[in-house]
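Before any comments, here is the structure.
The values are calculated or read from the model by the stated rules, or taken from the named source; none is laboratory data. Values in this document were obtained by computation on a predicted structure and should not be read as measured data. Every residue, glycine among them, receives a Cβ derived from its backbone with ideal geometry; neighbour counts consider all protein chains shown. Calculation scope for accessible area: heavy atoms of the full protein, side chains included, ligands and nucleic acids excluded. Shrake-Rupley method; radii C 1.70, N 1.55, O 1.52, S 1.80 Å.
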Amino acid sequence: MPDVRLVNVTKKFGNVVAVDNISLHIRDREYFSLLGPSGCGKTTLLRLIAGLIKPDSGEIYIGDKLVNDAPPEDRDIGFVFQTFALFPHMNVWENVIYGPRIKGYDMTRANRIGHEVLEMVRLHERLDAYPNELSGGMMQRLAVARALAAGAKILLLDEPLGQLDAKVRNELRYEIRRMAKDLELTAIHVTHDQAEAMAMSDRIAVMRKGKILQVGTPQELYTNPKNLFVANFIGGSNFLEGYIIEAKGEAAVIELRGGLRFKAINRGMNVGDRVVLAIKPETLTMQRHGRSGEANLFNGIIKRVTFEGTTIRYEVELENQDTVLVVTPSLTCEWFTTGEKVIVSFRPENAHVFPYPEAGLRAEISVE
Ligand SMILES: Nc1ncnc2c1ncn2[C@@H]1O[C@H](COP(=O)(O)OP(=O)(O)O)[C@@H](O)[C@H]1O
Ligand SMILES: [Mg+2]
């Protein structure tokens with residue numbers, strides 16, 4: 001079974017560097033996602049792996065084999081696209097059996113494969129249906145079945161759930177992952193939806209402007225972002241700007257706007273450095289009473305409350321006029337209302353300290 005390795009792969013279209021010197025190792029049987037905003041090069045990377053386009057430079061390996069010059073049909077891959085790329089004039093059975101027949105399998109073997117994969121995607125009772133008679137979810141299950149029937153060992157999925165409504169999308173997340181796992185496939189899944197990537201993947205590569213910014217498990221990206229873009233793109237963050245005014249070992253004090261003092265865990269910053277703190281909204285807590293003025297306890301006023309069902313989002317203006325978002329579980333936390341005075345508390349271990357970016361904070365986290 002194959003792993004996929006890219007070494008210094010670059011692909012340009014005119015002046016646009018769609019894939020910029022990317023090196024990446026996707027392990028055998030891994031469910032791996034390429035995640036990033038629109039235009040960051042995800043589809044181009046997938047098409048390079050598929051062999052639909054060739055890199056300008058760099059090497060692509062599938063298993064031990066250098067495949068730069070191998071055509072798509074020699075790469076053991078199956079492709080599932082966002083739009084339902086099925087044969088419209090063929091019914092479910094004919095769509096699935098097409099691959100095995102092209103491969104020259106005898107009738108018995110082709111039929112066995114056809115029945116197996118259709119059972120797996122739960123379409124074995126719809127053999128005679130044409131694609132336009134199926135729901136969006138069924139069409140994507142059929143697209144997966146067709147790739148599997150054709151003998152794919154690597155499944156490439158390009159925004160496969162993008163056209164589906166939310167409920168079907170959530171079901172198919174688990175179903176597609178389960179199929180890939182049951183069949184021990186290597187799956188490479190492209191999406192701009194961080195929740196989808198988090199729910200489905202063993203590991204994720206976060207991409208931006210043709211480059212990979214961080215590779216990690218969903219948990220690693222969420223709890224330990226390596227840069228401001230990832231801190232924002234994966235689950236969102238509050239960003240507070242300041243300067244390091246004390247640094248002893250890992251303990252640092254950061255002065256925020258308005259002279260507020262923040263105790264943080266420091267990795268490699270020096271006194272005088274301009275920094276940004278990235279803090280997940282769900283790590284902040286609020287109380288009505290208590291002492292502010294101590295490190296990491298700040299006065300605030302609730303400016304806006306949004307009830308979201310399982311969670312409540314509060315926009316809170318701190319005493320220095322910085323606004324932070326606080327997200328609390330709605331059933332196990334106290335509720336607050338607009339205009340209320342609160343004390344917001346931050347825990348040092350949940351605040352990631354980054355150097356202030358040269359391009360400015362907004363530009364650094366922008367998804368444009
Ligand atoms: N065939 C092409 N010709 C010219 N430019 C392209 C082509 N394919 C992609 N691009 C450009 O390459 C960049 C990356 O595109 P793409 O890989 O489709 O991004 P994503 O899938 O992440 O949205 C974009 O700027 C896009 O306009
Ligand atoms: Mg794309």
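Looking at (1) within 16 Å of ligand 1 (Cβ to nearest atom); (2) modelled with pLDDT of 95 or more; (3) in contact with a Gly (Cβ under 8 Å, 6 or more places away or on another chain), which is the only condition Leu45 fails? Exception for Leu45: condition (3).
Can you pull out the residues in segment 127-141 that are in contact (Cβ under 8 Å) with a residue 40 or more places away in the chain, surrounded by fewer than 18 Cβ atoms within 10 Å (Cβ to Cβ) and not aromatic (Phe, Trp, Tyr)? Hits for segment 127-141 are Asn132, Gly136. Filtering segment 166-182 to residues that are more than 13 Å from Gln140 (Cβ to Cβ) and either open to solvent by less than 60 Å² (accessible area, probe 1.4 Å) or not assigned by TED's automatic domain parsing to the domain that holds Gly137 (or both) leaves Ala166, Ala180. Could you grab the pairs with beta carbons closer than 7 Å, sequence gap of 6+ or different chains, first residue in segment 245-270 and in the same structural domain as Leu318 (by TED's automatic domain parsing) and free of Cβ contacts under 8 Å to residues at least 60 places away in the same chain, second one in a loop (DSSP other than H, G, I, E, B) and open to solvent by less than 70 Å² (accessible area, probe 1.4 Å)? Final answer for the pair search is Ala247/Asn266; Ala247/Met269; Glu250/Asn266; Ala251/Asn266; Arg261/Ala295.
Of everything in segment 205-232, what is within 16 Å of ligand 2 (Cβ to nearest atom) and either open to solvent by less than 10 Å² (accessible area, probe 1.4 Å) or in contact with a Leu (Cβ under 6 Å, 6 or more places away or on another chain) (or both)? Give them in sequence order. Ala205, Val206, Met207, Gly210, listed by residue number. Taking segment 183-200 as the range and being under 12 Å from the mean Cα position of the chain (by Cα), open to solvent by 10 Å² or more (accessible area, probe 1.4 Å) and away from ligand 2 (no atom under 16 Å from the Cβ) as the test, the residues that pass are Ala195, Met198, Ala199. Checked against the criterion of being closer than 24 Å to Glu315 by Cα and either surrounded by fewer than 19 Cβ atoms within 10 Å (Cβ to Cβ) or acidic (Asp, Glu) (or both), segment 265-275 has no qualifying residue.
Restricting segment 261-296 to residues that are within 16 Å of Asn238 (Cβ to Cβ), at pLDDT 95 or above and part of a loop (DSSP other than H, G, I, E, B) leaves a set whose member that is nearest to the chain's Cα centre (by Cα) is Lys280. Arg146 meets the conditions (1) under 18 Å from Thr83 (Cα atoms); (2) touching a residue at least 60 places away in the same chain (Cβ under 8 Å); (3) open to solvent by less than 30 Å² (accessible area, probe 1.4 Å) in every case but one. The failed one is (3).
From the set of residues in segment 82-135 that are in contact with a helix residue (DSSP H, G or I) (Cβ under 9 Å, 6 or more places away or on another chain), among the hydroxyl-bearing types (Ser, Thr, Tyr) and more than 24 Å from Arg47 (Cβ to Cβ), which is nearest to ligand 1 (Cβ to nearest atom)? Step by step, filter segment 82-135, then rank; the result is Ser135. Is it fair to say Phe307 is more than 28 Å from the chain's Cα centre (by Cα) and of a type in the set (Phe, Trp, Tyr)? So Phe307 fails the test. Scanning segment 335-366 for residues that are in contact (Cβ under 8 Å) with a residue 40 or more places away in the chain, out of contact with any helix residue (DSSP H, G or I) (no Cβ under 7 Å at 6 or more places or on another chain) and over 17 Å from Arg274 (Cα atoms) turns up Phe336, Glu340, Lys341, Val342, Ile343, Val344, Ser345, Phe346, Pro348, Glu349.
Is there a residue in segment 350-368 that is basic (Lys, Arg) and more than 30 Å from Ser38 (Cα to Cα)? Don't jump to the end; show me each part of the working.
In the first step, residues of segment 350-368 are kept if they are basic (Lys, Arg); the result is 362.
Pick out the ones that are also more than 30 Å from Ser38 (Cα to Cα) and you get none.
No, segment 350-368 contains no residue that is basic (Lys, Arg) and more than 30 Å from Ser38 (Cα to Cα).
Among the residues of segment 296-316, are any at positive phi, surrounded by 12 or more Cβ atoms within 10 Å (Cβ to Cβ) and of a type in the set (S, T, N, Q)? Within segment 296-316 (the criterion being at positive phi, surrounded by 12 or more Cβ atoms within 10 Å (Cβ to Cβ) and of a type in the set (S, T, N, Q)), the answer is yes, since at least one residue qualifies.
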